[in-house]
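What follows draws every value from the coordinates through simple rules; no lab data is involved. The shown structure was predicted, so the numbers you read here are calculated from the model rather than taken from an experiment. So basically every Cβ, Gly included, is an ideal-geometry build from the backbone, and we count neighbours across all protein chains shown.
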Amino acid sequence: MDAKDAANNPQAGHQPDNLSTTMAQQASAPRAKRSDAEHNREKILAAARAAFADPEAEVSMAEISRRASVGMATLYRNFPGRRELLEALYIDEVDAVCEAAETIEAESPREAFEAWLYRVFAFFNTKRHVGSELLKHTDDRSGFFSGNRDRVLVAGRPLLAAAQRSGEVRDDLTLEQILDLIKGIAAIHGDAGYLQPIVQTALDGLGPAPAGRRSPPVPSAATKRRREA
C-alpha cells in the first residue's frame, strides 16, 4: 500500500494492531478454558480428599459435587466414575510421597530417611479408606496398586541406601520390609497421639544392632504347631 492509499484509507494503518489484538484474544480463550478446567479439577480433588478423610463417611458423587460447588456434569466430565476419582486421589498422594523423597532436607541420611518414612506413614494412615474403596472398583490384577508401590520403592531406595552406607541404618533390612512395618502400624486403630510413639519405636529399631547381638530365629509354622499341640 502506497502513501496515497493510506491517506484515502485512514483505518488501514490500524489493521495490524487490530489483527494482533484479535489473534491474542483468540489465543487466550483456550488458555482461560484450560485454567478453568484445571481449577475445577483441583476443587473436586480437594473436596473428595476432605470427604474421604472421614473413614465413617458414606461419600457419594453427589456429595462431592456439592462440596466442590460444581455441577454433576462438571464432575463427570473430569471423572467419568467413582473409580477414576479414587484413582486420581490415590495417584496424587503417591506423587507427593515420591516428590518428598527428592526434596526432604535433613542433617543426616538417617534423619532424611526417617522423615520420609513419616510421610509414608501419613499416606498409609490417611488413605486406608480410599484404598479400601478402590478395591471395590479396581481389579488388583490390573497392576494399579503394585505399579504405584513400585514407584514408592524406586523413590525411597536412594534414601535407604544412603542411610545404610553411613552406618546409621542396619543393612539387613530391605525397603520392602520397612514399608511393610510402617503399613502394619498405620493399620492400627488409634489417634496420632497413640500411633506416633509406636512409629518412633519402630524407627529407633532401624539403627545398627549392638556388636555381638544376634536376633533369635523366627519360629517356623511347624514349630508353632508343635507348641500349640
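Quick one: pull the percentage of alpha-carbon pairs in the range 81-208 with a separation above 21 Å.
Pairs farther apart than 21 Å: 42 percent.
Work out the P(r) tail for the range 31-80: percent of alpha carbon pairs separated by more than 13 Å, whole number.
More than 13 Å apart: 54 percent of the Cα pairs in the range 31-80.
Where does each of Phe123, Phe144 land when they are ranked from fewest to most other beta-carbon atoms within 10 angstrom?
Fewest-to-most Cβ neighbours within 10 Å comes out as Phe144, Phe123.
Please give the length that would be gained between His189 and Arg67 if that part of the chain were fully extended, namely 0.36 nm times their separation in residues minus their C-alpha to C-alpha distance (nm, one decimal). It would help to have the intermediate numbers written out before the result.
Values: separation 122, 0.36 × 122 = 43.92 nm, distance 2.74 nm.
Full extension of this stretch gives 41.2 nm more.
How much of the calculated P(r) for the range 37-112 lies past 17 Å, in percent of all Cα pairs? Walk me through the intermediate numbers first.
On the way: 1424 of 2850 pairs.
Here the long-distance tail beyond 17 Å is 50 percent of all Cα pairs in the range 37-112.
Spin-label point model (7 Å from Cα, Cβ direction): what's the Asp150 to Lys136 distance in nm?
Those two pseudo-labels are separated by 2.9 nm.
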